[in-house]
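Take a look at the structure set out below.
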Amino acid sequence: MKVLKTSIVTSALGMLLVATAAYAQDSAQATPQQQKPAAPPTTTAPTVPPAAQAPAPAPRPPAPFPEGAKFAFIDIQAIASNSSEGKAATAKLDELRKKKNSELLAKSNSLKAMQDKLQSGGSVMNDAARSQLEKDIEKTQRDLQFAQQDAQTEVQDLTNQLQGDFQEKLNPIIEQLRVDKGLMIIFSIRDSGIVAADPGLDLSSELVKRFDAAAKTAPKK
């Protein structure tokens, strides 16, 4: 029997997207008649927010599997949160998010330094120097926006890749568990609409053990 295709709960692996902070588009404009240049638009450092990750379900004593049962269920979110594969995927996403945060913060700090320079010294600059600084601010603002978009895409691509890899590795483990238990169907409890079930039918803990064991014996790529 072909295993039903499971869908990974995105909060388990982290639906991680780069925050798209709004940046002002107009640079500060200073004219020779102004005694003081207009204050440049302020920006806040862009960040990649932490994963919107639900806490892993609290462990509970395993209930005996009902004898003769032909149906069971698993909690994909619990498996992603507690398995070594799920934890490794989350760690990779965290690492990329921190890297992108650092890159965006550096660009934001560079932009702020130029804005501060224009605000504090724009009135004493000659026209050419002030005009060049304003152009540099505009270019840096555009570069920062593009960097945010690129970071968002890169994080989302990695999220999709890790989710696909996770599901590809997990599905055969689910199928083998179904065969070993002599089951007709294994439901994904969060997607099935089931509102009540014997806790002994929950095979999540056993699946985590099998998944971790398979990961240890899998050939290294």
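Taking the stated definitions as given, is Asp157 surrounded by 15 or more Cβ atoms within 10 Å (Cβ to Cβ) and free of Cβ contacts under 8 Å to residues at least 60 places away in the same chain?
On the way: surrounded by 15 or more Cβ atoms within 10 Å (Cβ to Cβ): no; free of Cβ contacts under 8 Å to residues at least 60 places away in the same chain: yes.
No; evaluated as a whole, the condition is false for this residue.
Look through region 86-127, keep the residues that are surrounded by 12 or more Cβ atoms within 10 Å (Cβ to Cβ) and in contact with a Pro (Cβ under 7 Å, 6 or more places away or on another chain), and return whichever of them is farthest from Asn171 (Cα to Cα).
So the residue we want is Ser123.
Is there any pair linking a residue in region 203-215 that is farther than 11 Å from Ile76 by Cα and assigned to a loop (DSSP other than H, G, I, E, B) to one that is of a type in the set (D, E, K, R) and modelled with pLDDT of 95 or more, with Cβ under 8 Å and at least six apart or on different chains, and which?
So the pair list comes out empty.
For residues that are of a type in the set (Gly, Ala, Ser) and without any contact (Cβ under 8 Å) to a residue 60 or more places away in the chain, scanning just region 183-198, find the one that is nearest to Pro66 (Cα to Cα).
Residues of region 183-198 of a type in the set (Gly, Ala, Ser): 188, 192-193, 196-197.
Now drop any that are not without any contact (Cβ under 8 Å) to a residue 60 or more places away in the chain, which leaves 193, 196.
Values: Gly193: 21, Ala196: 15 Å.
Top of the filtered list is Ala196.
When you look at Ala88, is it under 24 Å from Ala214 (Cα atoms), touching a Ser or Thr at 6+ places or on another chain (Cβ under 8 Å) and small (Gly, Ala, Ser), yes or no? Before the answer, list the steps.
Values: under 24 Å from Ala214 (Cα atoms): yes; touching a Ser or Thr at 6+ places or on another chain (Cβ under 8 Å): no; small (Gly, Ala, Ser): yes.
No.
So which helices (runs of 4 or more DSSP H) are wholly in region 76-193 and hold at least 1 residues that are acidic (Asp, Glu), within 20 Å of the chain's Cα centre (by Cα) and modelled with pLDDT of 95 or more? Before you say what the answer is, go through the steps one by one.
Numbers: elements: 76-82, 84-121, 127-181, 189-192.
Because the criterion is at least 1 residues that are acidic (Asp, Glu), within 20 Å of the chain's Cα centre (by Cα) and modelled with pLDDT of 95 or more, the helices (runs of 4 or more DSSP H) in region 76-193 that meet it are 84-121, 127-181.
Here are some conditions: (1) of a type in the set (Lys, Arg); (2) over 23 Å from Lys107 (Cα atoms); (3) crowded, with 17+ Cβ neighbours inside 10 Å. Arg130 meets all but one. Which one does it not meet?
(2)
Look at Gln163 and say whether it is surrounded by 13 or more Cβ atoms within 10 Å (Cβ to Cβ) and under 27 Å from Lys92 (Cβ atoms). Can you show your working first?
On the way: surrounded by 13 or more Cβ atoms within 10 Å (Cβ to Cβ): yes; under 27 Å from Lys92 (Cβ atoms): yes.
Yes.
Based on what the data block shows, is Asp180 crowded, with 17+ Cβ neighbours inside 10 Å, charged (D, E, K, R) and within 17 Å of Gly68 (Cα to Cα)? Talk me through it step by step, then tell me what you get.
Values: crowded, with 17+ Cβ neighbours inside 10 Å: no; charged (D, E, K, R): yes; within 17 Å of Gly68 (Cα to Cα): yes.
Spelling it out, it is not the case that Asp180 is crowded, with 17+ Cβ neighbours inside 10 Å, charged (D, E, K, R) and within 17 Å of Gly68 (Cα to Cα).
Among the residues of region 163-182, what is the count of those that are without any contact (Cβ under 8 Å) to a residue 12 or more places away in the chain and of a type in the set (D, E, K, R)?
Residues flagged as without any contact (Cβ under 8 Å) to a residue 12 or more places away in the chain and of a type in the set (D, E, K, R) within region 163-182 amount to 2.
Can you pull out every residue in region 126-178 that is over 30 Å from Ala214 (Cα atoms) and of a type in the set (D, E, K, R)? Spell out the reasoning first.
So the first thing to find is which residues in region 126-178 are over 30 Å from Ala214 (Cα atoms), and the list is 126-153.
Passing the criteria: Asp127, Arg130, Glu134, Lys135, Asp136, Glu138, Lys139, Arg142, Asp143, Asp150.
The values are calculated or read from the model by the stated rules, or taken from the named source; none is laboratory data. As the structure is a prediction and not an experimental result, all values here were calculated from the model. Cβ sites come from the backbone with ideal geometry, for glycine too, and all protein chains shown count toward neighbours.
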